[in-house]
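Below is one structure; the comments refer to it alone.
The values are calculated or read from the model by the stated rules, or taken from the named source; none is laboratory data. Small disclaimer: the values here were computed from a predicted structure and weren't measured. Cβ sites come from the backbone with ideal geometry, for glycine too, and all protein chains shown count toward neighbours. Quick note on the areas: whole protein, heavy atoms, side chains included, nothing else; ligands and nucleic acids left out. Shrake-Rupley method; radii C 1.70, N 1.55, O 1.52, S 1.80 Å.
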Amino acid sequence: MAISCKEDIPCDDLSWLDAEIETLKQSELVEFFYVYQAEYKGMAVFYVGNCCPNCSTVAPDVRNCLGNSIGTLGDDIESDKLKNGKIYWQPDDFACTLK
């Protein structure tokens, strides 16, 4: 079964995420950022994470495949509830080591 936004909405159009990635690529700190994809309650979700050692970072918003926030990681959504996670995007000069 393919991961979808909701039961009847496939995760086909990620133009909002493509735009977010283009914005990240313009950052002077791009090497510290990545987009993570996982499954949460049967739907695809994404968040922008970072391993920036000098950034003041807040918990990321977890978004469905329509780009709508469904909660904040670690506050509304516990990370252990995200299943089948993987890096969706990272820059060529990625400086992070993720487990």
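Could you give the spread of the C-alpha atoms of the stretch 32-90 along their three principal axes, from largest to smallest, in whole angstroms?
Cα spread of the stretch 32-90 along its principal axes, largest to smallest: 35, 23, 21 Å.
Could you order peptides 37-46, 56-65 by the average number of other Cβ atoms within 10 Å of their residues, highest first?
Values: 37-46: 18.6, 56-65: 16.2.
So the peptides 37-46, 56-65, ranked by packing, come out 37-46, 56-65.
Once you've got the GNM for the chain with C-alpha springs shorter than 10 Å, pick whichever of TYR34, TYR88, TYR47 has the biggest mean-square fluctuation.
For the chain, modelled as a Gaussian network with Cα springs under 10 Å, the answer is TYR88.
Please work out how many pairs of lysine residues in the chain are eight or more positions apart (or on different chains) and have Cα atoms closer than 27 angstrom.
14
How long are the semi-axes of the ellipsoid equivalent to the chain, from square roots of 5 times the Cα gyration tensor eigenvalues, in whole Å, largest first? Please list the in-between numbers first.
Numbers: eigenvalues 104, 47, 28 Å².
Taking √(5λ) for each Cα gyration eigenvalue gives 23, 15, 12 Å.
Calculate, for the chain, the solvent-accessible area per residue in square angstrom, rolling a 1.4 angstrom probe over the heavy atoms of the protein chains. Present the calculation step by step, with values, prior to reporting the outcome.
On the way: 6450 Å² over 99 residues.
In whole numbers, the chain has 65 Å² accessible per residue.
HN-Hα J couplings of the stretch 33-42 from phi, Karplus 6.51/-1.76/1.60, θ = phi - 60°, integer Hz, Gly and Pro as x?
With the stated coefficients, the stretch 33-42 comes to 10, 8, 10, 10, 10, 8, 10, 9, 6, x Hz.
How much of the accessible area of the chain, in percent, comes from carbon and sulfur atoms when a 1.4 Å probe is used?
Details: 2930 of 6450 Å².
The C+S portion of the solvent-accessible surface of the chain is 45 percent.
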